[in-house]
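The values are calculated or read from the model by the stated rules, or taken from the named source; none is laboratory data. Please read these numbers as outputs of a predicted model, since none were measured by experiment. Here Cβ is always computed from backbone atoms with ideal geometry, including for glycine, and neighbour counts include all displayed protein chains.
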Amino acid sequence: MKLTKTLASASLLLALPSMGLAQEAAAPSFDEIGPYIMTTLLFCMAGFLVFFMAAGFAMLEGGLVRSKNVTMQMTKNIALFSIAAIMYWIVGFNTMYPGDFNGYFAIGGQTVLDPVGVAAADAALDYASVGSDFFFQLVFVAATASIVSGALAERIKLWPFLIFVVVLTGFMYPISGSWQWGGGWLSEAGFSDFAGSTVVHSVGGWAALAGAIVLGPRLGKYGKDGKVTPMPGSNLALATLGTFILWLGWFGFNGGSQLAMGTVGDVSDVSRIFANTNMAAAAGAVTALILTQVMYKKPDLTMVLNGALAGLVSITAEPLAPTLFGALWIGAVGGVIVVFTVPLLDKFKIDDVVGAIPVHLFAGIWGTIAVIFYNTDASLVTQITGIVAYGVFTFVASLVVWFILKAAVGIRVDEEAELNGLDMSELGMEAYPEFSKG
């Protein structure tokens, strides 16, 4: 018995050092790593949803252009997303989030991911993984470029457009984005834009407006007597599918912009954002449905689709604070904006094929102003300051780039190519070849 006790004591003494080492190397508790894990998960899931919006933009544009231009829109959409992904890695992400800078301008370098199997001690436990943050922010810049694609459809050359996308996604969007989301001067001034009514949507709208002015309208769109010739899209079923995909993706767009999912309050807020986002879209669609019935005696599906999207853009600047009723009326105003500003652009002979400028620019401005009704920290003067700053910078910079491209390589196809369609003239293939063979 004494021998047994002696051996047991010796074993315990030998085990004590290793037990101490085990305690020293103990993994951090979930309270310590939970917020990091859950926020990283939020960014990944929300990023997947916003990525799927690329398909929504492609389907919406493919449905609203004429059949002879569908392949071109598909090509532009997959190319612009791919270019955005590369440019945001090379320079965009670290330009938009440069850390300490002067608040106005700083060109960053390449994005470097966390090392493989990063240890908790080396991770940013107060936030999320670099990879998830980079991916989530990347899909936003691609959405901005997609806005430009739809507005300038049916008459712009492929390669000049893609060169513009390089400049927009690598430099213009990240520089202006740093003013708000990168801790720049607008953020310091108190400007509020939760998920990007201005930072994303109106930036795309201003770039599209500049391009539409420089490019000019499609042949035959406007008569000398001021008459507007309708040019119906090729597939309204496809356009409707695209709208529903965008509606789905917007839950990631707005919900992911909570930027945290590590507490009960954060998760509850994400669900609140989902509900408000959905309500605004529904209100925008119903408002456009009713208005077009009253004004034109028949509902206009394209207006209803854009009404839903305008409702989504309108709630994007502040999807958390409003009540459901607040989200309803904010989205409804977005629907009104679309119905009245689409024909307004035609009066100025600005040809926007898919209605991107009314949806993303005008509704984006409205959504940014509407922040003041539910966010007590926001002021009208500061919100307007932000709207003007983004508008002047993006519109002027876009005009400069478009004029340079026009002078250097030309941005518009010739008249014969436009009449025959960009699918054959620019790409040599058609989206619906069996319909043209007879």
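Residues that are among the charged types (D, E, K, R) and either buried (at least 18 other Cβ atoms within 10 Å of the Cβ) or touching a Lys or Arg at 6+ places or on another chain (Cβ under 8 Å) (or both): does the range 172-188 have at least one? The answer is no, given that none of the residues of the range 172-188 is among the charged types (D, E, K, R) and either buried (at least 18 other Cβ atoms within 10 Å of the Cβ) or touching a Lys or Arg at 6+ places or on another chain (Cβ under 8 Å) (or both). Has the range 232-247 got at least one residue that is within 21 Å of the chain's Cα centre (by Cα), hydroxyl-bearing (Ser, Thr, Tyr) and either surrounded by 22 or more Cβ atoms within 10 Å (Cβ to Cβ) or closer than 30 Å to SER192 by Cα (or both)? Yes, some residue in the range 232-247 is within 21 Å of the chain's Cα centre (by Cα), hydroxyl-bearing (Ser, Thr, Tyr) and either surrounded by 22 or more Cβ atoms within 10 Å (Cβ to Cβ) or closer than 30 Å to SER192 by Cα (or both). Can you tell me which residue among PHE105, PHE164, PHE93 is surrounded by fewer than 19 Cβ atoms within 10 Å (Cβ to Cβ) and either out of contact with any Cys (no Cβ under 8 Å at 6 or more places or on another chain) or hydroxyl-bearing (Ser, Thr, Tyr) (or both)? Selected residue: PHE105, the only one of PHE105, PHE164, PHE93 that is surrounded by fewer than 19 Cβ atoms within 10 Å (Cβ to Cβ) and either out of contact with any Cys (no Cβ under 8 Å at 6 or more places or on another chain) or hydroxyl-bearing (Ser, Thr, Tyr) (or both). What are the residues in the range 405-438 that are out of contact with any Ser or Thr (no Cβ under 8 Å at 6 or more places or on another chain), surrounded by 15 or more Cβ atoms within 10 Å (Cβ to Cβ) and β-branched (Val, Ile, Thr), if any? Result: ILE411, single match. Which members of the range 390-409 meet the condition of being within 22 Å of ASN69 (Cβ to Cβ) and more than 28 Å from the chain's Cα centre (by Cα)? The one that is within 22 Å of ASN69 (Cβ to Cβ) and more than 28 Å from the chain's Cα centre (by Cα): VAL409.
Selection of the range 347-371 for residues being charged (D, E, K, R) and in contact with a Pro (Cβ under 9 Å, 6 or more places away or on another chain) yields LYS349, ASP351, ASP352. When the test is whether a residue is in contact with a strand residue (DSSP E or B) (Cβ under 9 Å, 6 or more places away or on another chain) and either among the aliphatic types (A, V, I, L, M) or surrounded by 20 or more Cβ atoms within 10 Å (Cβ to Cβ) (or both), ASP346 does not pass it.
Output yes when any residue across the range 182-195 is part of a loop (DSSP other than H, G, I, E, B), closer than 22 Å to SER82 by Cβ and either among the charged types (D, E, K, R) or at pLDDT 95 or above (or both), and no when none is. The answer is no, given that none of the residues of the range 182-195 is part of a loop (DSSP other than H, G, I, E, B), closer than 22 Å to SER82 by Cβ and either among the charged types (D, E, K, R) or at pLDDT 95 or above (or both). Candidates are the residues of the range 61-82 that are surrounded by 18 or more Cβ atoms within 10 Å (Cβ to Cβ) and under 15 Å from the mean Cα position of the chain (by Cα); the one that is farthest from ARG155 (Cα to Cα) is PHE81. The single residue among ASP269, ASP225 that is of a type in the set (Asp, Glu), in a helix (DSSP H, G or I) and either at pLDDT 95 or above or surrounded by fewer than 20 Cβ atoms within 10 Å (Cβ to Cβ) (or both) turns out to be ASP269.
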